[in-house]
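Visitor: This is the structure, below, for whatever I ask next.
Every number here is computed from the coordinates shown, using simple stated rules; none is lab data. Note that the structure is a prediction, hence the values are computed from the model and not measured. Here the Cβ is made from the backbone with ideal geometry for all residues, glycine too, and neighbour counts use every protein chain on show.
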Amino acid sequence: MPVSVTYLLTFTCYGCHLHGDESGSVDREHNAHGLPRLEPNPRRVMAETARMCGTPYTLDAPRRQTVLRGIQEACAVRNWALLAVHVRMTHIHAVVEAEAPPGRMLAALKAYATRYLNRAGLDEPRRARWTRHGSTRWLWKPRHISAAIEYVVREQGAPMSVYELPPEPERPRPKPAS
């Protein structure tokens, strides 16, 4: 029987967070809680830039809103609980609860974001927009989920395109018997 798990999913725009860049990045060997980010390495940045097949992709305000709508639709269609998402200029963070493997979830979010961008006609349809894969962190405890939502919604700098699931309304307490 599938179990619902909550994840912090992060993916970046194509060419914006190259390994070795001074802004910081992680690779497969540095993608775990508590590990330091990669040290700046201009040679690695040059090598990655040389391998790129297009220019870096960034999200302006209309693109961010379009990506946000696409991510919301991806979750709604699959009955995934979108707890929070923040679409930034160069990356996207989302906290999602679902009965699905995180890699499949990441692929679906990217696909819907791309589909919405294509429908909006904001770029050429074959434009490279996202880096391959991304970060998928399992959130095991309610405090980890709360911390991830706080990080995504309020700790990314000035808000850009943000969604946070509204809290459930408090249930009325039964009145004591007289």
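Visitor: Please report, in Å, the Rg and the Dmax of the range 72-178, where both are computed over Cα atoms only.
Guide: Taking only Cα atoms of the range 72-178, I get Rg and Dmax of 17.1, 70 Å.
Visitor: Return the sequence-ordered ³J(HN,Hα) values of the range 146-151 in whole Hz as given by the Karplus equation 6.51 cos²θ - 1.76 cosθ + 1.60 applied to θ = phi - 60°, using x for Gly and Pro.
Guide: Karplus-based 3J(HN,Hα) across the range 146-151 equals 4, 5, 5, 4, 4, 4 Hz.
Visitor: OK, next. Going by average Cβ density within 10 Å per residue, which order do the peptides 116-127, 85-96, 100-111 take, highest to lowest?
Guide: 85-96, 100-111, 116-127
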